[in-house]
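K.L.:
First, the structure itself, so that you have it in front of you.
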Amino acid sequence: MWDKLALILLIIGGVNWGLVGIFQFDLVAWLFGGAGSFISRAIYIIVAIAALWCMTFLFRREALTDPATVSERR
């Protein structure tokens, strides 16, 4: 559950950075009253924590190949 939530947050952050890079438009800042507002900063921090969490996927063997997951799909 935490892995999926972290990935969703990371996707939101990636889309936001894509918008900033392509259109110079920060969706989070626009929605929540500027990049310096408390809510925007909280969202940025939560997305950063999610990115740190997702970095652990590189070091978890079961994240790459989980035999239980493969057998459950059948």
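K.L.:
Work out how much length L19 to F38 would gain on full extension: take 0.36 nm times their residue separation and subtract the Cα-Cα distance, in nm to one decimal.
P.N.:
Result: 4.7 nm gained on full extension.
K.L.:
Hey, with R₀ at 25 Å, roughly what FRET efficiency would W30 and L52 work out to, going by the Cβ-Cβ distance, to 0.05?
P.N.:
Using R0 = 25 Å, I get an efficiency of 0.50.
Read the figures in this text as sums done on the coordinates, not as results from a lab. Here the structure is a predicted model, which is why all the values come from computation and not from measurement. For neighbour counting, all protein chains shown are included, and Cβ atoms are generated from backbone atoms with ideal geometry for every residue, glycine included.
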